[in-house]
Amino acid sequence: MISPSQKAAFLQALRDELGEAGLLSSGDLSAFERDWRGRYAGRALAVARPSATEQVARVLQLCSLYGVSLVPQGGNTGLVGGSSPDESGQQLLLNLGRMNRIRHIDGANHTLTAEAGCILQNVQAAAAAQQRLFPLSLAAEGSCTIGGNLATNAGGTQVLRYGNARELCLGLEVVTAQGEIWDGLSGLRKDNTGYDLRDLFIGSEGTLGVITAATLKLYPQARAHMTALAACPTLDEAVRLLSLAQQVAGPALTGFEVMNAFSLGLVRQHFPQLQQALAPSPWTVLLELSDAESEPHARQVLESLLERALEQGLIDDAAVAESQAQSQGLWHLRESIPLAQAQEGLNIKHDIALPISAIPAFVAQTDAALMQAVPGVRLVNFGHLGDGNLHYNVQAPLGLDPKQFLAQHEQPINRIVYDAVDAFGGSFSAEHGIGRLKREELAQRKHPVALHMMRAIKKALDPQGLMNPGRLL
Ligand SMILES: Cc1cc2nc3c(=O)[nH]c(=O)nc-3n(C[C@H](O)[C@H](O)[C@H](O)COP(=O)(O)OP(=O)(O)OC[C@H]3O[C@@H](n4cnc5c(N)ncnc54)[C@H](O)[C@@H]3O)c2cc1C
């Protein structure tokens, strides 16, 4: 624990380095200290807001010198409690929001180099301005940052076609726990020169070093997009629809999302102004095609897919967006589910991955087990079916206080869900990471040899244990 005199000296050294605009040490810091879900509200020693990589390096050198631990923070939209400080008042929050420059776009190499604090939406826009596509896309894209996306290896809605954040990154610039700068901003697609350090930092959730910039892959823009909603009688049919869509549309299929009736019901209840294009059905699929040829071609592929799906009994009904505004409206429905859920009250979240073929059986079996364990629980089930990733969340029975529900039932419910995930060969964290929320699960469920290697890496790169302690490991 840092003494009051050391704290004063540490803060003064930070102020000298970062200037007044770069250090917040008094006043209301709660916007930085609370996580997005409102589950974790901590207290920071101060908030450092560097505007250049050299400043980040200096901050980490000072942390190492004074033995102060730090929590890197991007847009603070993470869902596992990784980006907010603990309650001790001893952790420095390192917010990267002022490092928000696009450094370089190399059109011929199809790459863009951005600083870590760039908002994802701004990176997409910078690519679009050069007639290129940066395909990472998620509902938090107006607030989350490239640094946070890479630190969590974010997924989102186009993984099916383009992969996770990891697959979209060619190079990184990182400041190590000791305050050294590693310039690994290569735009190379082939580089077999030993251990892949880039991949080590991607998904490390701020526990190994601070990502300060990244070189990202760009793609050609599609000529046309077509979006549709389809009503499926069962989840089995939704899975079969996915296979059919992959067969008919091939790589043009860029999104395949699924939503159960209760999740869309929550959207209807909390956002009645949003138009729901289809009548309620047990499962609704949101499909997106991104076509390299033309809009008529995309429409023809989509219509032929939906006709075949109707003939085969995979869907009962479908609605095709006729304009960009309608397409955005359909996506808005899907993206409003987490917000509707948050309005309904605290819930138990499970971001899980499963073999796609196992999903219907997993859901049938686990739904039944949960209903039996806590009669009346409400299951918010939606997600990226095309990636085998479900957000399988459990809302309190009507009339039960959500806080009381969590306190009483979170652990047993987690056990039911994660044991089933294990039994079906899945993962208890698909795209949100571990943070504080799933640390115990990691310790219990990760292979012991893998855990041993992870701890050895952590010790080698962060021997003082100052980087985001208490998260992940
Ligand atoms: C409405 C909503 C929808 C979402 N949808 C998705 C989705 O579809 N797919 C998905 O994967 N996630 C989703 N998320 C989760 C979240 O948006 C992502 O995890 C995102 O990548 C986090 O970025 P961020 O900048 O907000 O990071 P933060 O929340 O600030 O940080 C996340 C973690 O990364 C670390 N970190 C942040 N920046 C750095 C850095 N520069 N260097 C080192 N470590 C760093 C933090 O310490 C923390 O551990 C969603 C969240 C919300 C609120």
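Sort through ALA396, ALA430 and tell me the only one that's touching a residue at least 12 places away in the same chain (Cβ under 8 Å), in contact with a Pro (Cβ under 6 Å, 6 or more places away or on another chain) and crowded, with 22+ Cβ neighbours inside 10 Å. So that I can check it myself, show each step before the final result.
Numbers: ALA430 fails: in contact with a Pro (Cβ under 6 Å, 6 or more places away or on another chain).
That would be ALA396, the only listed residue that is touching a residue at least 12 places away in the same chain (Cβ under 8 Å), in contact with a Pro (Cβ under 6 Å, 6 or more places away or on another chain) and crowded, with 22+ Cβ neighbours inside 10 Å.
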Is there any pair linking a residue in region 451-464 that is free of Cβ contacts under 8 Å to residues at least 40 places away in the same chain to one that is aromatic (Phe, Trp, Tyr), with Cβ under 7 Å and at least six apart or on different chains, and which? none
Could you please tell me which pairs satisfy a Cβ distance under 9 Å, a separation of 6+ or placement on different chains, a first residue in region 151-172 that is without any contact (Cβ under 8 Å) to a residue 60 or more places away in the chain and closer than 19 Å to GLN121 by Cβ, and a second residue that is assigned to a helix (DSSP H, G or I) and more than 12 Å from the ligand (Cβ to nearest atom)? LEU168/TYR162; CYS169/ARG198; CYS169/ASP199
Does ALA116 qualify as being of a type in the set (Gly, Ala, Ser), under 27 Å from ASP28 (Cα atoms) and in the same structural domain as SER143 (by TED's automatic domain parsing)? yes
Residue hits (region 95-119; touching a residue at least 40 places away in the same chain (Cβ under 8 Å), surrounded by 23 or more Cβ atoms within 10 Å (Cβ to Cβ) and under 30 Å from LEU466 (Cβ atoms)) are ASN95, LEU96, MET99, ALA114, GLU115, ALA116, GLY117
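Taking into account only those residues within region 43-75 that are assigned to a loop (DSSP other than H, G, I, E, B) and in contact (Cβ under 8 Å) with a residue 60 or more places away in the chain, which is farthest from the chain's Cα centre (by Cα)?
Keep residues of region 43-75 that are assigned to a loop (DSSP other than H, G, I, E, B), which gives 43, 49-52, 67-69, 74-75.
Keeping just the survivors that are in contact (Cβ under 8 Å) with a residue 60 or more places away in the chain gives 67-69, 74-75.
Details: GLY67: 30, VAL68: 28, SER69: 24, GLY74: 12, GLY75: 11 Å.
Filtering first and then ranking leaves GLY67.
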Across region 123-157, what is the number of residues that are crowded, with 21+ Cβ neighbours inside 10 Å, small (Gly, Ala, Ser) and near the ligand (Cβ under 6 Å from one of its atoms)? 7
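Do we have MET454 as buried (at least 21 other Cβ atoms within 10 Å of the Cβ) and over 29 Å from ARG334 (Cβ atoms) here? Reasoning before the result, please.
On the way: buried (at least 21 other Cβ atoms within 10 Å of the Cβ): no; over 29 Å from ARG334 (Cβ atoms): yes.
Criteria not met by MET454.
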Please go through (1) more than 14 Å from the ligand (Cβ to nearest atom); (2) of a type in the set (Asp, Glu); (3) under 30 Å from GLY435 (Cα atoms) for GLU237 and return the number of the only condition it doesn't satisfy. (3)
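The values are calculated or read from the model by the stated rules, or taken from the named source; none is laboratory data. Just so it is clear, the structure is predicted and the values come from calculations on it, not from any experiment. Cβ: placed from backbone, ideal geometry, glycine included. Neighbour counts: every protein chain shown.
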